[in-house]
Structure formats: structure tokens, C-alpha cells
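In what follows, a single structure is set out as C-alpha cells and then discussed.
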Amino acid sequence: MKLIASVFASALGLALLACPSPEVRPAPTPDETVEATDPPETTPAPTPKPKPTVDPARKEELQREYRKLALKNDCSGAFKHLDGTWRFIGQSRTPNHTDVLTIQGTKFTEKLTGDPDGKHLEADLSGEIRCLFKNRVLMMIDKVVPEGAYENHSGDQYPCDVLGDIAMTGNKMLLICYYDWDLRTAAGIESEFERVVE
């Protein structure tokens with residue numbers, strides 16, 4: 001038994017001697033550069049959150065309800081300081097943006113200018129502003145020239161909340177408008193205006 005083990009050990013030793021030893025590579029010097037074979041990892045762009053949509057049936061119901069209220073209220077008792085000319089003073093993503101809103105009774109006109117997409121665009125809007133309840137009004141656009149400018153269209157209607165010091169000094173106001181009829185405060189678009197004093 002020992003003889004077999006001895007022969008096996010001798011054969012194994014000879015086999016190991018016949019195998020080439022692995023090559024030892026020297027470590028790279030500090031000046032040597034090593035190229036990566038895989039591309040560098042990139043952080044994926046965050047996935048945008050899906051925009052909440054308003055149920056079309058609920059939107060139609062709200063629009064009917066608001067139009068009915070708007071026909072009963074002309075704002076003469078609710079917002080005494082709305083009349084006049086207002087200049088937009090907030091921040092805008094549109095370069096060179098200006099917005100002048102003029103309100104006379106229940107009628108309004110609005111002049112928009114700016115350079116969206118690198119091209120100068122001027123737009124004139126006209127329509128009616130009606131009170132709904134508390135500090136909410138309904139903006140009803142009758143005409144847009146040119147049609148579709150700044151995503152406005154003739155016949156558009158949307159509610160806005162009137163905030164700021166309009167009830168006190170009447171010199172500034174904040175409009176939070178719900179263009180998509182998503183009436184959560186976080187979904188509204190804010191526009192700050194200052195009264196133009198002539």
C-alpha cells in the first residue's frame with residue numbers, strides 16, 4: 001500500500017514539474033496607465049413623475065358648476081381693487097417675458113411677449129373675469145391673437161385664486177391659475193403682478 005502511495009506521489013511530482021509555472025507580472029509603475037476595458041458607469045437620469053390627470057367627467061362637471069356660478073357673480077362686490085392695469089413681476093422660464101393684464105369691470109385684456117424657443121412672440125388675449133366664491137375667479141378667454149400663442153386658445157376657461165395684498169393696499173396680487181382644472185394648490189401656476197400706477 002505504501003509502495004502504491006509512493007509511486008503515486010512520485011508520478012504527481014513529475015507531473016507538477018512538467019507543468020509550466022504561472023507567469024508573474026510586475027506591478028505597474030505609477031507612471032504607467034492602465035486602460036479600462038468597460039465603459040465608465042453612468043448614473044441613469046431620474047424618471048419624471050407622471051403628471052396627474054383630471055378625470056374628464058369630473059372636469060366637465062366642475063366646468064359646468066363654475067360657469068353657472070360665474071354667470072351670477074360679476075366681481076363688483078368681491079374684488080373692488082381688481083380694476084386697473086397689472087404688470088407681471090414674477091419669475092418666468094420664457095426669456096424676456098412680459099405680461100400686462102388690464103381689468104375693467106368684468107372684461108380683461110392681456111398682452112404677452114417673450115422669446116419662447118428663441119423666437120419673439122407677442123400675443124393679445126381678451127375675455128371676461130367672473131367671481132366664483134371666496135378668492136376664486138373664472139377667467140374666460142374670448143379671443144387669442146395669434147390663436148394658440150403661449151398655449152392659449154379662444155374659448156379656454158380656467159379658475160384662478162386671487163391672493164396677496166389686493167384686499168388691503170391693492171398694489172400687488174398673486175394669481176394661482178389651474179389651467180388643467182387640477183384644483184390642488186400644488187398643481188396651480190403662480191403669477192405675481194404689481195399695479196401699474198399712472
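Since every read-out is calculated from the coordinates, none of them should be taken as a lab result. Here the structure is a predicted model, which means the values were calculated and not measured. As a convention, Cβ positions derive from the backbone with ideal geometry for all residues, glycine included, and neighbour counts pool all protein chains shown.
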- Note on the structure: For Gly155, the net charge from surrounding residues (Cβ-Cβ under 13 Å; K, R +1; D, E -1) works out to -2
- Query: Extension gain Arg58-Asp124, at 0.36 nm per residue separation less the Cα-Cα distance, in nm?
  - Reply: 20.7 nm
- Loop-resident trypsin sites (Lys or Arg not before Pro) in the stretch 119-187 with no more than 10 other Cβ atoms inside 10 Å, DSSP not H/G/I/E/B, are Lys119, Lys134, Arg184
- Item | Ratio of Rg to Rh over the stretch 79-195 (Cα coordinates, Kirkwood Rh, two decimals) | 0.94
- Task: Would you mind calculating the relative contact order of the stretch 79-195 from Cα pairs under 8 angstrom and at least 6 residues apart, reporting the percent as a whole number?
- Result: 20 percent
